[in-house]
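The values are calculated or read from the model by the stated rules, or taken from the named source; none is laboratory data. Just so we're clear, the structure is a prediction, and the values are computed from it rather than from any experiment. All Cβ positions, glycine included, derive from the backbone under ideal geometry; neighbour counts span all protein chains shown. The protein model used for the area step is the full one, side chains on, heavy atoms only, and it has no ligands, DNA or RNA in it. Shrake-Rupley method; radii C 1.70, N 1.55, O 1.52, S 1.80 Å.
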Amino acid sequence: MVDRCDAVSGRCARSLCKSAQQNREAGSLGCQGVDGRVPSVGLAGGVKKAKAHHRGASQDLRRQESLPVILAELRSAIPAGRVLEITTTIGCIVGCSYCPQDKFADRQRKVSHAKHLRLEDFKRCLARVPTSVDIGFAGYSEPWLNPDCTEMVEHAFAKGHGIRIFTTLVGMNKEDLQRLRALRLGVFVVHVFDDGTYMNSRLVGNKYRDLVRQLVDAEIPSIQFVVLGEPHPDVVDIIPAKALVQARPVSSRGGSVDPRIVAPRQPVVGALTCVDERQYRNVLLPNGDVTLCSMDFERRHVLGNLLCDGYSDLFGKPVFCEIVDRMNGADGFLLCRMCEFADPNDRT
């Protein structure tokens, strides 16, 4: 049953919801910036569409069945606690076929023309987030496709936040890597390119291989290498086999992924629990919106906007209150019911 105290405000989720209901009945103000206007972030931009090559998809899927179903080693290395993941850009050229990028970009463009998260907006949003919340550079696209990403990491670290990085290295350069090595990183996961079954292997070149070599030689304590499928042949001899966590795609992203790649689960009926407590691992988008978690590619649960809302306010608004109620068994749409991290819970 979801009924635990909010670590930020010290109030329980149910009391937060009650307070939000009272505020809603009393009336509320629109989302405004410090100057009293709705913030306008960035300019419209196209998204390059990169398609992963499905070479004999059915045969590849059968071949992947021999790989582990869950990333147990990886998950055990990632600490618990509240996290705000940062989606630094809309659109991703990496083209992972198990990432419903097109659905996310389509939904996001309907509400905002911001392609990149601007550095100044990131700083404004971060100022509203307690330092007890880790900042994760992951979200719905490759973080380093935004040229300001490294500076965002440095700023969050300087403000006292724990840092978590999940990257394919696309967009990163040697200078970025040198700057990151100077920081204490709680989590540093490198998503290694596969053999082209699921990812755009055309991005594997000399620059990429050089970065991988530097990371292997850097001996960063928190680093983890993971590949979903078979590793690209050009990196097999670079990453020691014992350092590479190998698995197959396991998440349907709440039913958003092509079912030929990851079949959706049977929906959970009644009360449920998120085994990773992802309701407190939210995602910041380039326009300041905050979605429920990294499974919510289609913006089904938008908690608020950090350009105008305080962090703790996100968990007292009607959207989050409805999520809590539905996790406890109330009727109504809940993305979690289709998520692989949902655990059926008969308690009330």
remark   = Here the residues within the stretch 305-315 that are open to solvent by less than 10 Å² (accessible area, probe 1.4 Å) and either touching a strand residue (DSSP E or B) at 6+ places or on another chain (Cβ under 7 Å) or not in a loop (DSSP other than H, G, I, E, B) (or both) are LEU306, LEU314, PHE315
task = Mind listing whichever residues of the stretch 98-137 are open to solvent by 10 Å² or more (accessible area, probe 1.4 Å), within 26 Å of GLY81 (Cβ to Cβ) and charged (D, E, K, R)?
result = LYS123, ARG124, ARG128, ASP134
ask   = Restricting the search to the stretch 225-239, which residues are modelled with pLDDT under 90 and either farther than 19 Å from THR197 by Cβ or open to solvent by 10 Å² or more (accessible area, probe 1.4 Å) (or both)?
value = LEU228
Selection status of LEU272, within 24 Å of ALA105 (Cβ to Cβ) and open to solvent by less than 30 Å² (accessible area, probe 1.4 Å) = no
key: Of all residues making up the stretch 204-230, the number that are touching a Ser or Thr at 6+ places or on another chain (Cβ under 8 Å) and not small (Gly, Ala, Ser)   = 1
note = The one condition GLY171 fails out of (1) more than 15 Å from VAL94 (Cα to Cα); (2) touching a Pro at 6+ places or on another chain (Cβ under 8 Å); (3) at pLDDT 95 or above; (4) part of a loop (DSSP other than H, G, I, E, B) is (1)
ask   = Right, ASN287: in contact (Cβ under 8 Å) with a residue 24 or more places away in the chain, under 28 Å from ARG109 (Cα atoms) and in a strand (DSSP E or B) or not?
value = no
Test for PHE297: is it within 19 Å of CYS99 (Cβ to Cβ) and open to solvent by less than 10 Å² (accessible area, probe 1.4 Å) = yes
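For (1) open to solvent by less than 10 Å² (accessible area, probe 1.4 Å); (2) under 21 Å from ILE78 (Cβ atoms); (3) modelled with pLDDT of 95 or more, each residue gets a yes or a no:
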position	(1), (2), (3)
ARG179	no, no, yes
ALA182	no, no, no
LEU185	no, yes, no
GLY196	yes, no, no
MET199	yes, no, no
VAL216	no, yes, no
GLU219	no, yes, no
SER222	no, yes, no
key: Residue that is nearest to the chain's Cα centre (by Cα), among those in the stretch 316-338 that are open to solvent by 10 Å² or more (accessible area, probe 1.4 Å) and either among the hydroxyl-bearing types (Ser, Thr, Tyr) or under 30 Å from GLU120 (Cβ atoms) (or both)   = VAL319
ask   = Looking at this structure, is PRO249 at pLDDT below 80 and open to solvent by less than 50 Å² (accessible area, probe 1.4 Å)?
value = yes
task = Give the residues of the stretch 260-293 that are among the polar types (S, T, N, Q) and touching a strand residue (DSSP E or B) at 6+ places or on another chain (Cβ under 6 Å), sorted by residue number.
result = THR273, ASN282, THR291
message = I'd like the full set of residues that are of a type in the set (A, V, I, L, M) and under 30 Å from LYS159 (Cβ atoms), limited to the stretch 180-211.
response = LEU180, ALA182, LEU183, LEU185, VAL187, VAL189, VAL190, LEU211
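Collect the residues in the stretch 174-184 that are among the charged types (D, E, K, R), outside any loop (DSSP other than H, G, I, E, B) and without any contact (Cβ under 8 Å) to a residue 40 or more places away in the chain, keeping them in residue-number order.
GLU175, ASP176, ARG179, ARG181
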query = Does ASP210 satisfy the condition of being open to solvent by 20 Å² or more (accessible area, probe 1.4 Å), at pLDDT 95 or above and not β-branched (Val, Ile, Thr)?
reply = yes
